[in-house]
Amino acid sequence: MIEEIKEKLQKSGRITIKPYVDRTVSNMGLEDYEMVVFPGTFQREPMACVEQNGRIRYLNGLDESAPEVKGMKDEKAKEAKIKEIRSIVAMLEFEKHYNTLDIEDPEFWNKVQTYKPNNTEFWSSIVLECENKTIVLDPVNKTEDLLKVLAIEAGGFPLVAKSKEDCISGLHKRKWYLDRHIETTSKKASVAKIKNKALSLLDEISDEMPRKLFYIAKLISTNSMQYKNYTLQDTIYDYLDEYINGYHHEDNIKTASQTFIDFCSKDMQELKIRSIVKDATFYKFIILKGDGLLYSSPENVMLGRNSSEVYEYLVNPLNEDVLVKLQDRVEDTWSS
């Protein structure tokens with residue numbers, strides 16, 4: 001059973017905790033730079049626990065008396081789950097104490113030394129720290145990483161969603177999610193098709209509308225300020241080619257390719273204004289105030305709650321004067 005568990009983990013491929021950036025939700029402007037927390041900072045969270053009838057138990061994924069296990073209606077599935085939990089605990093106990101346990105023993109949990117669900121001293125020491133960078137976990141070779149993966153899947157770290165789909169659906173929206181890098185053959189074929197489409201568009205736009213490529217690079221890059229009017233077209237092309245191939249902040253090729261395709265479908269004017277908004281935020285021409293709203297500086301004109309609302313404000317013909325002022329300031333930085 002232990003070998004089956006290790007094999008299952010190995011087949012999952014690389015397991016990581018990734019930041020989830022939702023550009024439609026304002027996060028103090030960080031969403032424009034593909035960040036979820038300020039640079040150099042992180043969020044720290046201890047493992048969650050619940051109290052029932054005066055007993056504390058940790059949501060560690062290794063509790064056979066947890067409601068999600070006890071409530072399983074399929075007896076065979078329930079029996080298999082309990083066997084899996086006990087096998088993992090037995091493996092961990094042996095590695096830590098050379099304590100050999102029989103998973104069929106009725107007194108199994110009474111003989112467990114460290115990994116009991118109510119061992120506050122141990123489980124309270126397991127903490128998770130998340131930042132803007134992808135965190136690579138190695139549950140096959142590192143016990144603490146295995147415990148973190150199991151706890152995330154059991155809801156023990158509410159900071160992290162169980163999957164990206166949970167973030168996108170909004171059902172369990174978090175700033176981070178657990179990512180298992182598994183792709184079936186059919187998925188790989190789909191990824192190849194979408195990547196080839198993106199690369200084809202890259203060639204087409206590079207030849208016909210190089211300025212559009214400039215704006216797309218600004219919107220995709222986490223360091224958009226590096227691109228100026230004098231930046232060589234080949235430099236922009238190379239960056240976007242690498243981005244599509246998963247070599248930058250988005251290492252999922254399918255997601256990167258689709259993001260690029262989505263930007264290509266937008267017209268030049270929209271791309272330009274969104275680029276202006278992004279860089280204006282960086283240069284503090286647009287600032288976030290204590291009321292949670294974004295304002296132009298120094299005019300102190302309220303623009304909206306997030307970058308999408310700022311864009312809608314600026315495209316309104318009634319606000320053309322504000323757009324012109326922002327555009328002049330930002331384009332000065334692009335020419336400097």
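The values are calculated or read from the model by the stated rules, or taken from the named source; none is laboratory data. As the structure is a computational prediction, the values presented were derived from the model and not from experiment. Neighbour counts are summed over all protein chains in view; Cβ atoms, including those assigned to glycine, are modelled from backbone coordinates with ideal geometry.
Annotation: of all residues in the range 232-260 being small (Gly, Ala, Ser) and crowded, with 19+ Cβ neighbours inside 10 Å, the one that is nearest to SER190 (Cα to Cα) is SER257. Tally up the residues in the range 317-336 that are hydrophobic (A, V, I, L, M, F, W, C) and without any contact (Cβ under 8 Å) to a residue 40 or more places away in the chain, please. Final tally of qualifying residues: 3. Looking only at the range 206-231, filter to residues that are assigned to a helix (DSSP H, G or I) and among the small types (Gly, Ala, Ser); which one of those is surrounded by the most Cβ atoms within 10 Å (Cβ to Cβ)? Selected residue: ALA217. Look at the range 301-316: where a residue is at negative phi and a partner is in a helix (DSSP H, G or I) and among the aromatic types (Phe, Trp, Tyr), sitting 6+ places away or on another chain with Cβ atoms under 6 Å, you get LEU303/TYR313.
Conditions tested, residue by residue: (1) over 20 Å from TYR283 (Cβ atoms); (2) among the acidic types (Asp, Glu); (3) in the same structural domain as TYR20 (by TED's automatic domain parsing); (4) touching a His at 6+ places or on another chain (Cβ under 9 Å).
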{"site": "LEU199", "(1), (2), (3), (4)": "yes, no, no, no"}
{"site": "ILE205", "(1), (2), (3), (4)": "yes, no, no, no"}
{"site": "PHE214", "(1), (2), (3), (4)": "no, no, no, no"}
{"site": "THR222", "(1), (2), (3), (4)": "no, no, no, yes"}
{"site": "MET225", "(1), (2), (3), (4)": "no, no, no, no"}
{"site": "TYR237", "(1), (2), (3), (4)": "yes, no, no, no"}
{"site": "LEU240", "(1), (2), (3), (4)": "yes, no, no, no"}
{"site": "ASN252", "(1), (2), (3), (4)": "yes, no, no, yes"}
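In the set (1) surrounded by fewer than 16 Cβ atoms within 10 Å (Cβ to Cβ); (2) out of contact with any strand residue (DSSP E or B) (no Cβ under 9 Å at 6 or more places or on another chain), MET302 fails one condition alone, (2).
Quick check: anything in the range 86-93 over 23 Å from THR143 (Cβ atoms) and of a type in the set (D, E, K, R)? No, the range 86-93 contains no residue that is over 23 Å from THR143 (Cβ atoms) and of a type in the set (D, E, K, R).
If only residues of the range 257-269 that are in a helix (DSSP H, G or I) and not polar (S, T, N, Q) are counted, the one that is farthest from the chain's Cα centre (by Cα) is MET268. So SER87 ticks every box in (1) among the polar types (S, T, N, Q); (2) at pLDDT 90 or above; (3) more than 22 Å from VAL149 (Cβ to Cβ) but one. Which box is left unticked? Against the list (1) among the polar types (S, T, N, Q); (2) at pLDDT 90 or above; (3) more than 22 Å from VAL149 (Cβ to Cβ), SER87 comes up short only on (3).
Out of the range 232-247, which residues are over 16 Å from ASP207 (Cα atoms) and not in a helix (DSSP H, G or I)? Within the range 232-247, ASN245, GLY246, TYR247 qualify. A single member of GLU95, GLU31 is of a type outside the set (A, V, I, L, M, F, W, C), under 30 Å from GLY292 (Cα atoms) and not in a loop (DSSP other than H, G, I, E, B), and it is GLU31. Of everything in the range 102-115 that is under 38 Å from the mean Cα position of the chain (by Cα) and part of a loop (DSSP other than H, G, I, E, B), the residue that is surrounded by the fewest Cβ atoms within 10 Å (Cβ to Cβ) is GLN113. For the range 285-300, filtering for residues that are in contact (Cβ under 8 Å) with a residue 24 or more places away in the chain and hydroxyl-bearing (Ser, Thr, Tyr) leaves 1.
Screening the range 44-89 for residues that are of a type in the set (Val, Ile, Thr) and assigned to a strand (DSSP E or B) and picking the one that is surrounded by the fewest Cβ atoms within 10 Å (Cβ to Cβ) gives VAL50.
Which members of the range 270-296 meet the condition of being surrounded by fewer than 20 Cβ atoms within 10 Å (Cβ to Cβ), of a type in the set (Ser, Thr, Tyr) and in a strand (DSSP E or B)? If the condition is that a residue be surrounded by fewer than 20 Cβ atoms within 10 Å (Cβ to Cβ), of a type in the set (Ser, Thr, Tyr) and in a strand (DSSP E or B), then TYR295 is the only one that fits.
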